[in-house]
Amino acid sequence: MTARIIQKLRVVAVAESTPEVRVYTLEHPRKPLLPDWSAGAHVDLRLPDGRMRQYSLCGEPGPQPRWQIAVKRETVGRGGSAWVHDSLALGTEVQVSAPRNNFPLAAGAVRHVLVGGGIGVTPLLAMARSLAAQGADFTFHLCARSAALAPLLAELRAVCGERLATWFGDEGRRFDAALIGMPEAGVHLYACGPHRLIEAVRAAAAERGWAEAQQHYEVFQPTLDENFKPEPFELRIASTGEVLLVPAGRSALDVLRERGFALPSSCELGVCGSCVCGYRDGIVIHRDSVLPVSARQDRMTLCVSRARVSVTVEL
């Protein structure tokens, strides 16, 4: 089963942020307020064919009358962004899930360093809105090929003011990941954007000794090893003791669904976290991009992760 759909929302505004990115404003046809949400959250949009696509909320966090998402049209992708650009017009209704947050602001942090590239700025804009409203200490590094191609630039400038540093390639200004600085108590780092940017930030953080708990990343594309050769493994159900075989060419999620387990999922690429499940008694091969190392001792992402020989899942 797919992520729970809570309501149909209506498109009440469409704005062009860049030639590739449109901002869609959604509201309920009758309810005055939409469900509460926190900075870093995303929602799932249900396409007509039943597929789900995730988009970060970039408006003002909290219980609001409207939600905003920014969608970049991808020329090479799975078709979700093209459908949004081609089909979501003023007055259109679309099914939207409840917000889910795998990328929250750290509670109790004394300073925040935000690094965003391309469409990856969307969850970070919501973070900046929340931090600015709190009067919190933060810096925002925005990376793009040019100002004209930087999504949500006007909004970021309005929210961040002097706390925004822009790095536009056509101006000869390229972001140096060393600018994240040295780790300090209470300082947290957040990065979202292209794989190359994320890896540069990770490398700089590792070199400077940032603790894992102080680093937070969100990716929109899977980073799976193309040379990985999956092997079959056994999946034991903790509640019943039943053992299922997961063939090399299928996922644990597929096999469990076929057996009648109604499990939630959305991206099925290991980037959204909706099918994460507890496990024990096994060595899991983690192939997702959503679980931090600290959570991998007892949780696995059923759509992409596998196991060596066997694993027991908490179902």
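The values are calculated or read from the model by the stated rules, or taken from the named source; none is laboratory data. Nothing here was measured: the structure is a model prediction, and the numbers come from that model. Ideal geometry is used to build each Cβ from the backbone, glycine not excepted, and the neighbour counts take in all protein chains shown. All accessible areas refer to the heavy atoms of the entire protein, side chains included, with ligands and DNA or RNA removed. Shrake-Rupley method; radii C 1.70, N 1.55, O 1.52, S 1.80 Å.
Filter the stretch 2-53 for residues that are assigned to a strand (DSSP E or B), at pLDDT 95 or above and among the β-branched types (Val, Ile, Thr); which is surrounded by the most Cβ atoms within 10 Å (Cβ to Cβ)?
Per the criteria, the residue is Val21.
If you scan the stretch 57-70, which residues turn out to be open to solvent by 10 Å² or more (accessible area, probe 1.4 Å) and under 17 Å from Val94 (Cα atoms)?
Result: Pro65, Arg66, Gln68.
Can you tell me which residues in the stretch 288-315 are assigned to a strand (DSSP E or B) and surrounded by 18 or more Cβ atoms within 10 Å (Cβ to Cβ)?
Step one: list which residues in the stretch 288-315 are assigned to a strand (DSSP E or B), which gives 299-301, 306-308, 310-313.
Residues satisfying the conditions are Arg299, Met300, Thr301, Arg306, Ala307, Val311, Thr312, Val313.
Tell me yes or no: at least one residue of the stretch 134-145 is over 30 Å from Arg30 (Cβ atoms), touching a His at 6+ places or on another chain (Cβ under 6 Å), surrounded by fewer than 19 Cβ atoms within 10 Å (Cβ to Cβ) and not polar (S, T, N, Q).
Looking only at the stretch 134-145, we keep the residues that are over 30 Å from Arg30 (Cβ atoms), and these are 134-145.
Now restrict to residues that are touching a His at 6+ places or on another chain (Cβ under 6 Å): 138.
Keeping just the survivors that are surrounded by fewer than 19 Cβ atoms within 10 Å (Cβ to Cβ) gives none.
Taking every residue of the stretch 134-145 in turn, none turns out to be over 30 Å from Arg30 (Cβ atoms), touching a His at 6+ places or on another chain (Cβ under 6 Å), surrounded by fewer than 19 Cβ atoms within 10 Å (Cβ to Cβ) and not polar (S, T, N, Q).
Please indicate, with yes or no, whether at least one residue in the stretch 156-174 is surrounded by fewer than 22 Cβ atoms within 10 Å (Cβ to Cβ), under 24 Å from the mean Cα position of the chain (by Cα) and among the acidic types (Asp, Glu).
No: the stretch 156-174 contains no residue that is surrounded by fewer than 22 Cβ atoms within 10 Å (Cβ to Cβ), under 24 Å from the mean Cα position of the chain (by Cα) and among the acidic types (Asp, Glu).
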